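Have a look at the structure below before the remarks.
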Amino acid sequence: MKKILALTVSILVLNCTFVSAKKFKLVAPDTQPRTELKIADKFYAESYFYTAAEHYRDVVRQDSSNRYANFGLAMSLLMSRDYVNAEIFFRQFYNIKPGEKANAKKWADEDKILFNKGEYYFGDVLHRNGKYDEAITHLTKFAQNYTPKDSTDNLKKLAMLQVAGCEFAKTGPKAKVKFFNAGHGVNKAYNNDGPFAVNENEIYYSSLRNGNDTLIFVNGNNKAQAIYAIKHSVKNGENWSEGTIVDNKDINTDGYNVGNGTFNQAMNRFYFTKCLEVDDRRPLCNIFVADYSGGKFSNVTRLPETVNAKEKYTSTQPAVRVADDGTEMLYFVSDRPGGSGGLDIWYTARLQNGDFKPAMHVNSGINTAGDEVTPFFDDSTRTLYFSSNGLPGYGGFDIFRSTENPDLSWTSPENLGKGINSGADDIYYSRGLDQTNGFMVSNREGGYPLNGIKTSSDDIYYWTNYRLAVEGLAMKEGENGGIITNATFKLYKKMPDGTKVLISVQDGPQGTAHAPGVAPRTSASSGSNPGNGAASGNNSGTGGNTSAANTGSSNGAYFFRLDPETDYVVEVDREGFQPKMENVSTRGMEEDTIKDNIYTHKAMYTVKGLVTEEGKLDGLTDASVELLEISPNGMQKTNNFMKSNPYYAFDLDMDRTYKIVIRKEGYFAKTTDLSTIGLGTMDTIRKDISIAKLELNKSYTLQNVLYEFGKSTLTENSKAVLDNLYQILVENPSFIIELSAHTDAIGSDEGNMKLSQARAESCVAYLISKGVAKDRMVAKGYGKTRPKVPNTTEDGKDDPAGRAINRRTEFQITGIKKSQ
């Protein structure tokens, strides 16, 4: 009988899935003489899991109480990613009980030696199938009874991670997204991986070389090898063309599995992976790079040993980003020593001469005892997207994100939620320029199944958020107002720390949407950029089934797609007119388009200035400069926003009140008042602004914070001083402070300590009453333990002036609150 050959080699090469499970080996006990079981074990050992399942199934048909055959069948089905039927035979295995004549010792030995990992794999299947409480029971039982064989055995730790995943999955968030299979031109009844979008109608991806649905068979001991290649497909209407193999033998080399193609930001380098199967059927992969120009690939080179580790370690799945200093950085996946366990994400930097720095491990909780794979970095939001089976999720590989903070630390990994993630393996996630669509790969139901198993093969999917958008017109204010043509529209995402990130630009004269800092391109290459690991928002666009990409036009209209549960600012700018900003939010919205016409009028004045550091003459670049307009009732509204270069300039209206707020990482924010009331015919206002350098843990004294004698009650004048500190905390919403009170040497140590603590708490309570979050402040009384000057003169006499200096209230900035 012919048996279907599993394409497990290609799964491991491109997805690196089932790394831990692959270590499991079935060996029939000597008391099982059946030839069928020995054949099944042989195919299982060689990773031909579909074939192994057929042989185990033949035994179960003849003897449903055969524990070994049921367990082997359940494991083979799990490894074939047939989760539904794997659950059936795991249940059948655990329902088999020893009969009266059963050898109790033999039964116990089999449980200890052959089936000791069964509870883990059964729990894994139940987790994937959404049966979380039952999964927790089996995984917990496994963790309680399992003894790791050595320090490299992480299975017990992985079991507890899966328990945490089950708990998370019961109440985890739901993503507002829709999925569309890329279609039969790209997806076949086997794995299709690594989609990289060059533009909205063109992708590179990896798939079997033969390019058809022919199943691979094995007769007797003859083996067939599945070879993958990088292919290219274009979209015509709603359908993607049949993928054609990239015609370059140095890339798609005979005998190698090739995949994971990705371009750099400038689209002049193409990174990809070549893999060979080694003796233990483990794929050994290396990363290569090719030059790209005029649609042609050339100069294919294997990256040096600083990236591709020697000997038996894999380097695969490259992802490109651009660092703040313009350096091209490469994230990739490897199982080399020095990681957290399994496959981890590493990074390196390309030097100007083309060499690469030694690889470094990505820390900050991103890598786990499980496997982390398929990284993708979005430059516009400094966010790393990746898949992991070692973080709490819905089973298998889930997609997570972590954002790089300005201090180069990372936020805690965040699960993208149910809908994006499932009980299947969800990998190769990417995002487009406007953050509302992209690609991913999954073996969830809805793809093209292999051998009739609905979750057997990886398919490429296009995803899009719920159809949320904002659209409108730029309009002139007044009764005779009309449309303002040839305006430029900008979409900003509002961050938790009060800053804004530019997401997309629509230039009115060209009518084109493009990335920040990138000139508009032709329609064939405009839009967004969801590559597999390339820097998003730089070169390319996504295909898909939603409406057209964000577009502007000379008729003064704008349209932006939006993310769910997100706050934005839309800005309209036109030479000769006052720039205007509108706040837009999708929080709590279902599918809808926000209608928002933005009204403005001709500008009357211009304010210009240089941003500097206090005490220095050189200008500061990349400071965030925000113009707020203050209405007569005191309401503040963002009017405009820019980065200093190191100058800034804003158009102003007559008879208006404004504030200019300047922020820069590592500095105190500063607010400056500005008014055009009564300026007459003046047309330009010069206002240079200096901001103070921030020093963590430096004490800043609040002058004239006074209390009632011997008490902690604040005077009214003291509250006015604390209002200045309140303003600092409002302007710098990420600051975490210690607010401390100090006394002179009069009185007992204990009394002064209690009094100073009560006074510090009074200050904190006042600031909380004004709206400052409690977790941003710590009250600390130091009594007389930290005098700034002596309390007495040199001859030992009381010094009232010195004691007055020591009776003080101070604050220190002890930390910076991380953005979520």
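The values are calculated or read from the model by the stated rules, or taken from the named source; none is laboratory data. No experiment lies behind these values; they were computed from the predicted model shown. Cβ placement follows ideal geometry from the backbone for every residue including glycine, while neighbour counts extend to all protein chains displayed. Areas reflect the complete protein model, heavy atoms only, side chains present, ligands, DNA and RNA absent. Shrake-Rupley method; radii C 1.70, N 1.55, O 1.52, S 1.80 Å.
In the condition set (1) in contact with a Leu (Cβ under 8 Å, 6 or more places away or on another chain); (2) open to solvent by less than 10 Å² (accessible area, probe 1.4 Å); (3) under 19 Å from Ser456 (Cβ atoms), Ala69 is compliant with all but (3). Among all residues of segment 192-208, there is at least one that is in contact (Cβ under 8 Å) with a residue 12 or more places away in the chain and over 29 Å from the mean Cα position of the chain (by Cα). Per this entry, Asp683 is not counted among residues that are modelled with pLDDT of 90 or more and farther than 24 Å from Gly815 by Cα. Based on this model, can you work out whether Lys643 counts as charged (D, E, K, R), open to solvent by 40 Å² or more (accessible area, probe 1.4 Å) and modelled with pLDDT of 90 or more? Yes.
Do you know which residues across segment 260-270 are open to solvent by 10 Å² or more (accessible area, probe 1.4 Å) and assigned to a loop (DSSP other than H, G, I, E, B)? Passing the criteria: Gln265, Ala266, Met267, Asn268.
Among the residues in segment 437-447, are any of a type in the set (D, E, K, R) and farther than 28 Å from Phe641 by Cα? Yes, segment 437-447 contains at least one residue that is of a type in the set (D, E, K, R) and farther than 28 Å from Phe641 by Cα. Asp247 meets each of the listed conditions (1) touching a Cys at 6+ places or on another chain (Cβ under 9 Å); (2) open to solvent by 40 Å² or more (accessible area, probe 1.4 Å) apart from (1). Selection of strands (runs of 3 or more DSSP E) fully inside segment 664-729 by the criterion of at least 2 residues being open to solvent by less than 50 Å² (accessible area, probe 1.4 Å) returns 670-675, 689-691, 699-702. Taking segment 651-667 as the range and being at pLDDT below 90 and under 17 Å from Thr606 (Cα atoms) as the test, the residues that pass are Asp651, Leu652, Asp653, Met654, Asp655, Arg656. Could you list all residues from segment 473-507 that are modelled with pLDDT of 85 or more, hydroxyl-bearing (Ser, Thr, Tyr) and under 23 Å from the mean Cα position of the chain (by Cα)? Within segment 473-507, Tyr492, Ser504 qualify. Residue count for segment 92-115, restricted to those that are in contact (Cβ under 8 Å) with a residue 24 or more places away in the chain, open to solvent by 30 Å² or more (accessible area, probe 1.4 Å) and under 44 Å from the mean Cα position of the chain (by Cα): 3. So for segment 419-435 (the condition being more than 18 Å from the chain's Cα centre (by Cα) and either surrounded by fewer than 19 Cβ atoms within 10 Å (Cβ to Cβ) or at pLDDT 85 or above (or both)), does at least one residue qualify? Checking segment 419-435: at least one residue is more than 18 Å from the chain's Cα centre (by Cα) and either surrounded by fewer than 19 Cβ atoms within 10 Å (Cβ to Cβ) or at pLDDT 85 or above (or both).
Can you confirm whether segment 87-101 contains a residue that is modelled with pLDDT under 80 and not β-branched (Val, Ile, Thr)? Within segment 87-101 (the criterion being modelled with pLDDT under 80 and not β-branched (Val, Ile, Thr)), the answer is yes, since at least one residue qualifies. Among the residues making up segment 32-62, a single one is in contact with a Leu (Cβ under 9 Å, 6 or more places away or on another chain), under 25 Å from Glu277 (Cα atoms) and charged (D, E, K, R): Asp41.
The residues of segment 711-757 that are charged (D, E, K, R) and either under 28 Å from Pro790 (Cβ atoms) or touching a Gly at 6+ places or on another chain (Cβ under 7 Å) (or both), listed by number, are Lys711, Glu738, Asp744, Asp749, Glu750, Lys754. Return yes or no: is Ala745 open to solvent by less than 50 Å² (accessible area, probe 1.4 Å) and in a loop (DSSP other than H, G, I, E, B)? For Ala745, the condition - open to solvent by less than 50 Å² (accessible area, probe 1.4 Å) and in a loop (DSSP other than H, G, I, E, B) - is met.
Would you check if there is a residue in segment 143-152 being free of Cβ contacts under 8 Å to residues at least 12 places away in the same chain, open to solvent by less than 40 Å² (accessible area, probe 1.4 Å) and under 36 Å from the mean Cα position of the chain (by Cα)? No - not one qualifying residue is present in segment 143-152.
All of (1) free of Cβ contacts under 8 Å to residues at least 40 places away in the same chain; (2) part of a loop (DSSP other than H, G, I, E, B); (3) on the phi < 0 side of the Ramachandran plot; (4) open to solvent by less than 80 Å² (accessible area, probe 1.4 Å) hold for Val772 with one exception: (1).
Those residues that are under 27 Å from the mean Cα position of the chain (by Cα) and without any contact (Cβ under 8 Å) to a residue 60 or more places away in the chain, I need them from segment 584-608; list them, please. Of everything in segment 584-608, those that are under 27 Å from the mean Cα position of the chain (by Cα) and without any contact (Cβ under 8 Å) to a residue 60 or more places away in the chain turn out to be Ser585, Arg587, Gly588. When residues in segment 651-685 are screened for being among the hydrophobic types (A, V, I, L, M, F, W, C) and out of contact with any strand residue (DSSP E or B) (no Cβ under 8 Å at 6 or more places or on another chain), 0 of them pass. Evaluating Ser734 against the criteria (1) under 30 Å from Tyr648 (Cα atoms); (2) out of contact with any Lys or Arg (no Cβ under 6 Å at 6 or more places or on another chain) leaves one unmet condition, (2).
Among the listed residues Gly130, Gly123, which satisfies the condition of being of a type outside the set (Ser, Thr, Tyr), assigned to a loop (DSSP other than H, G, I, E, B) and either closer than 19 Å to Phe168 by Cα or in contact with a His (Cβ under 8 Å, 6 or more places away or on another chain) (or both)? Only one candidate qualifies: Gly130. For first residues located in segment 567-581 and in contact (Cβ under 8 Å) with a residue 40 or more places away in the chain, partners that are of a type in the set (Ser, Thr, Tyr) and surrounded by fewer than 21 Cβ atoms within 10 Å (Cβ to Cβ) and lie 6+ apart or on another chain with Cβ distances below 8 Å form the pairs Asp567/Ser585; Tyr568/Ser585; Val569/Thr638; Val572/Thr488; Asp573/Thr488; Arg574/Thr488; Lys580/Tyr599; Met581/Thr638. Applying the criterion of at least 1 residues that are farther than 17 Å from Ser675 by Cβ and more than 30 Å from the chain's Cα centre (by Cα) to the strands (runs of 3 or more DSSP E) found wholly in segment 609-653 leaves 647-652.
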